[in-house]
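Heads up: the structure comes next, in structure tokens.
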Amino acid sequence: MPKPVVPEEKRRRRRPTRSGTVLSEPLIVETALRLLREHGSTGLTARRLGLALDCDPSTLYRYFRGMDDLTLAIGDALIGQALAGWRPVGEWREDLRTIGLRIHAAYVAHPQAALLTANRVTGRAQELAADEAVLDVLRRAGFSLPETVRVYHAFIDQTLAFAALDAASLALPSASQRADEDKWHSTYARLPRATHPRIAEAAPLLARRMVTSAYPTALEMLLDSAAGRLGTQVP
């Protein structure tokens, strides 16, 4: 059975740890992000976190119901980082573009954490704030409620899907990353026109574009599609 979560003001350590650390949810999440960056998802354990924070691993369960609850907090923290300081400018395309690029950038900045959290629904404060912001931008733009939900669904899922895809590439060992990127030069660029005419003609462009994220292009396509439907909405 999950352990009850003690309110923040009652569960904070009254005394620092041996290293002088005072535990808090943000500190635990920040440390978890560091462990994910250094060791990958397999390195994020209560025992390793306890060592990093100089506390007994059981202490962590005063802050989180378990490691899955911590995972959700990590995902929520990434969204919080993405939207920190963001303010709408009142132009719906620019506002959605900025939100999407910020969320994508926050996740790919922490690829191991992105792989762990991009498909999760946290229900926490930062996620709720982001969802409220996107829905508000769309409604203020004049989208009907059904169209707002339709565009919101595509926008959020596309953003997180590309974040997970790009994070998966960044999480590979450096040698594997280089080998994958080199395929566009060592394999695709050398295919003969006689057997692969379309790849052969596109090879120089493919070699330049396929080593970058397609998310900005996909985002613009989604915004173009949404704009086209804005004046011809289905109730």
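Listed values, structure above:
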quantity	calculated
Search result, residues across the stretch 47-59 that are open to solvent by 10 Å² or more (accessible area, probe 1.4 Å) and under 20 Å from HIS110 (Cβ atoms)	ARG48, ALA52
Output for the stretch 186-209, where each listed residue is surrounded by 14 or more Cβ atoms within 10 Å (Cβ to Cβ) and closer than 24 Å to ALA167 by Cβ	TYR188, LEU206, ALA207
Wholly within the stretch 116-232, helices (runs of 4 or more DSSP H) carrying at least 1 residues that are of a type in the set (S, T, N, Q)	125-141, 145-170, 174-186, 215-230
Residues of the stretch 133-172 satisfying the condition of being of a type in the set (D, E, K, R) and within 19 Å of ARG93 (Cβ to Cβ)	ASP136, ARG139, ARG140, GLU147, ARG150, ASP157
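The values are calculated or read from the model by the stated rules, or taken from the named source; none is laboratory data. These numbers were taken from a predicted model, which means no experiment stands behind them. Heads up, the Cβs are rebuilt from the backbone with ideal geometry, glycines too, and the neighbour counts pull from every protein chain shown. All accessible areas refer to the heavy atoms of the entire protein, side chains included, with ligands and DNA or RNA removed. Shrake-Rupley method; radii C 1.70, N 1.55, O 1.52, S 1.80 Å.
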